[in-house]
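Here's the structure we're looking at; comments come further down.
The values are calculated or read from the model by the stated rules, or taken from the named source; none is laboratory data. The structure presented is a predicted model; accordingly, all values stated were derived computationally and were not measured. Because the Cβ atoms are built from the backbone with ideal geometry, glycine has one as well, and the counts that use them run over all protein chains shown. Side chains included, ligands, DNA and RNA excluded: accessible areas come from the protein's heavy atoms. Shrake-Rupley method; radii C 1.70, N 1.55, O 1.52, S 1.80 Å.
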Number of protein chains: 2
Amino acid sequence: MQQSEKALLRAARKEDVPAIVAMLADDHLGATREGDPGDERYLAAFERIDANPYDELIVAEQDGEVVGTMQLTYLAGLSRLGAERCQIEAVRVAAAARGQGLGGRMIAWAVDRARERGCAIVQLTSDKSRTDAHRFYDNLGFTASHEGYKLSLS
Amino acid sequence: MQQSEKALLRAARKEDVPAIVAMLADDHLGATREGDPGDERYLAAFERIDANPYDELIVAEQDGEVVGTMQLTYLAGLSRLGAERCQIEAVRVAAAARGQGLGGRMIAWAVDRARERGCAIVQLTSDKSRTDAHRFYDNLGFTASHEGYKLSLS
């Protein structure tokens, strides 16, 4: 059995927030933009996500440790006969848990969940510098059909 | 004064739904995936958007006609100190109202609105076949920094 098969995927709890923030920061892009994992703004964002029925912050727990995270948002829209879309953001696997197939299991789990809900599409964007992630999403059946535009306001 | 400056940007109402769907369908990509503008699934999606405080479906009205639309969603997340992001989806300008600067005015309006709300980022994806749209977003200051991945479930 692969290590990753032992991981439990579940909704994040308030006490998981510091571990999630640590994973967001442990990254060549995230390192420059995150702060103290105890910063109250992280908790406020968690409360907002937790209270929203269309948002799910997920963690992967293995041997009592949080080793992965992703956020799922179910977007409404009129397009495609009013179909719901599942958007995946902020996918991270802890450094110590990489190379065990956990990321692939997380995304497959998200896709299954979106399908059960009746979503027409699963979508995500990935920074163009994350070439390893691109192979990963290509292998999972995703198509890089769109340009992902960002405008920073800060 | 440009024609587009006369357009009023406002929240969509239920009675605008058929005009919005007509704009979604009048497009080389949308033509194959939309249905009867009176289909009740469009109204159900409208009600879901209208009831969600983090979703805004906007229309541009000119001389009593709906001539543009876009959807803004304010996404929560832990990244970047729990910053909110504004995501723009389903941007369309009616064929008869194109070439008057309306699309640029709509996006600038959305960016101002996101900034007032304190969003850290405005983001959107655009199909790689929409090369005119790419020039448009580049000119508005957006950066195509990400790959936009989609997985169709239908």
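Just a few scattered comments:
- Restricting segment A:40-73 to residues that are over 13 Å from the mean Cα position of the chain (by Cα) and of a type in the set (Ser, Thr, Tyr), the residue that is farthest from the other protein chains (Cβ to nearest Cβ): A:Tyr54
- Residue satisfying all of: in segment A:96-115; touching a helix residue (DSSP H, G or I) at 6+ places or on another chain (Cβ under 6 Å) and open to solvent by 20 Å² or more (accessible area, probe 1.4 Å); nearest to the other protein chains (Cβ to nearest Cβ) among these: A:Arg105
- Within segment A:1-11, being open to solvent by 90 Å² or more (accessible area, probe 1.4 Å), in contact (Cβ under 8 Å) with a residue 60 or more places away in the chain and either part of a loop (DSSP other than H, G, I, E, B) or polar (S, T, N, Q) (or both) holds for one residue alone: A:Gln2.
- Neighbours by Cβ (under 6 Å, 6+ apart or cross-chain): first from segment A:92-116, among the β-branched types (Val, Ile, Thr); second open to solvent by 30 Å² or more (accessible area, probe 1.4 Å) and part of a loop (DSSP other than H, G, I, E, B): A:Ile107/A:Leu140
- Verdict on B:Ala133 being more than 13 Å from the chain's Cα centre (by Cα) and either touching a residue at least 40 places away in the same chain (Cβ under 8 Å) or surrounded by 16 or more Cβ atoms within 10 Å (Cβ to Cβ) (or both): no
- Qualifying residue in segment A:12-35 (condition: in contact with a Phe, Trp or Tyr (Cβ under 9 Å, 6 or more places away or on another chain), surrounded by fewer than 17 Cβ atoms within 10 Å (Cβ to Cβ) and at the interface with chain B (Cβ under 9 Å from one of its Cβ atoms)): yes
- Count of segment A:116-138 residues which are under 21 Å from B:Arg41 (Cα atoms), facing another protein chain (nearest Cβ under 7 Å) and part of a helix (DSSP H, G or I): 0
- Filtered residues of segment A:57-88 (kept if surrounded by fewer than 19 Cβ atoms within 10 Å (Cβ to Cβ) and among the charged types (D, E, K, R)): A:Glu61, A:Asp63, A:Glu65, A:Glu84
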